[in-house]
Amino acid sequence: MSSPPNSTNCVHDAEERPQFENANITPISLAVSYAYPTYEELKRVSLGDKEAVERGADPRHVYSRNTNPTVRTLEKKMAMLEGAEACTSFSTGMAAISNTLYTFLDSGDRVVSIRHTYGGTAQLFLNNLPRRGILPCLVDTEDEDELIRQIRSEPLKMVYLESPTNPTLKILDIERISHVAHEAGALVVVDNTFASPINQNPLQLGADLVIHSATKYLNGHGDAMGGFLCGSAELVNHVFHTREIEGATLQAFDAYLILRGLKTLKLRVEKHNSNAQAVAEFLESHPKVKQVYYPSLPTHPRHEVAKRQMKGYGGMLSFELDGGEEEVARFLNRLKLPALAASLGAIHALISTPCSSSHVECSVEERKSLNISESLVRLSVGIEESADLIADIDQALKD
Ligand SMILES: *Cc1c(COP(=O)(O)O)cnc(C)c1O
């Protein structure tokens, strides 16, 4: 797939017809196990259902920790939306990230990444991977030339990227970095949660694997958690085998909710994009706002790269208020529309400070070293009317 997914893809891709008893919606299969008429058939399916696969059909199901019909339909839709050969799913975004890292990295392996990854991911790099003898090299996200130097300097297994980054919307040139990483024989993994497949398709930019927290834009309604890994069947299968044994399986009911959320993904993301644009422009012109971080703004240092690799700039922005934590608290307490809560990418606006949400797992010193100040506010615009969001922010900023 060379063009980004459209609403027809979102609604129809991977949804089989007819469904069970001709239902017009993919059913939720809550069965733990799947029964077959004979022992021989059960054994055949348990050993990978080679006959079905040779016919071009999917292998049938045995046990829902491994595969499940509702979950599989969702994985097939996700693969199509990211233009990937295969996709596997997880109970959360962090499970997708940790299972992927632990599948490809062993003791003594070097992985190059950036310092401004999602808070939970940063914890994996700072604590969990080193405990297993894996050697992360975390580069200043704004120094892409140093990132390139680190990729070239010593043998490495993986380059792990996030773009745009959380919470300050830094942009990395995925195509350029993927090219250099492949010359060095490394796998390129990109967390595409902030962009969603509507705004950015890293596989088309040269990445090998794409990760999503489905908890955010993909489900989009703040009522289910999940994670995805998309890429070649060979690489995705490796991680699937880790996940089916380690057990961070996406549940069928959550899969159903995410499948339902995906049907409106393009409609929602387009509205998120235009709302964030309007709010970013408003904030940039406001005297009480020192700085706005949003990749569409010409003042963004990597605007040109974002313009090249993204089709839209997403619903996330962050900004520095003039003042300290007291002013931030006053502003947040006066807001009526955005919920003061963690998470992002839902139909309702969510606002928080990174030190109380995305980077709450980091110590004060770690946040300081990441330049995440106490006056940094992160806003995830919902699909409300932009004029209502702006009016609410405006009244909350008044003296
Ligand atoms: C939320 C998030 C994650 C983690 O996802 P969970 O579903 O909360 O485990 C990973 N990466 C990014 C960029 C995120 O925003």
Pairs, please: C-beta under 8 Å, at least 6 apart or cross-chain, first residue under 19 Å from SER196 (Cα atoms) and in segment 221-248, second aromatic (Phe, Trp, Tyr)?
-> ALA224/PHE253; GLY226/PHE90; GLY227/PHE90; PHE228/PHE90; LEU229/PHE90
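Here is a yes/no grid of residues against (1) surrounded by 21 or more Cβ atoms within 10 Å (Cβ to Cβ); (2) farther than 19 Å from ALA207 by Cβ; (3) more than 20 Å from the chain's Cα centre (by Cα); (4) within 16 Å of the ligand (Cβ to nearest atom):
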residue	(1), (2), (3), (4)
ASN99	yes, no, no, yes
PRO130	no, yes, yes, no
CYS137	no, no, yes, no
ASN166	yes, no, no, yes
Report, ordered by the first and then the second residue, all pairs with beta carbons closer than 7 Å, sequence separation of six or more or different chains, a first member in segment 257-276 that is free of Cβ contacts under 8 Å to residues at least 40 places away in the same chain, and a second member that is of a type in the set (Asp, Glu) and surrounded by fewer than 21 Cβ atoms within 10 Å (Cβ to Cβ).
-> LEU257/ASP223
Within segment 322-345, can one find any residue that is assigned to a helix (DSSP H, G or I), among the acidic types (Asp, Glu) and free of Cβ contacts under 8 Å to residues at least 40 places away in the same chain?
-> yes
Is segment 69-80 home to any residue that is within 18 Å of LEU257 (Cα to Cα), among the basic types (Lys, Arg), open to solvent by 70 Å² or more (accessible area, probe 1.4 Å) and at pLDDT 95 or above?
-> yes
Hits in segment 229-249 (condition: open to solvent by 20 Å² or more (accessible area, probe 1.4 Å), within 16 Å of the ligand (Cβ to nearest atom) and either closer than 28 Å to ALA341 by Cα or not in a helix (DSSP H, G or I) (or both)) | GLY247, ALA248
When only residues in segment 185-214 that are under 21 Å from GLY315 (Cα atoms) and assigned to a loop (DSSP other than H, G, I, E, B) count, which is nearest to the ligand (Cβ to nearest atom)?
-> THR193
Return yes or no: is LEU187 touching a residue at least 60 places away in the same chain (Cβ under 8 Å) and either within 20 Å of ALA84 (Cα to Cα) or basic (Lys, Arg) (or both)?
-> yes
Going through segment 215-228 in order, the residues found to be more than 12 Å from the ligand (Cβ to nearest atom) and open to solvent by less than 10 Å² (accessible area, probe 1.4 Å) are GLY220
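The values are calculated or read from the model by the stated rules, or taken from the named source; none is laboratory data. These figures come from a predicted structure and were not determined experimentally. Here the Cβ is made from the backbone with ideal geometry for all residues, glycine too, and neighbour counts use every protein chain on show. Areas reflect the complete protein model, heavy atoms only, side chains present, ligands, DNA and RNA absent. Shrake-Rupley method; radii C 1.70, N 1.55, O 1.52, S 1.80 Å.
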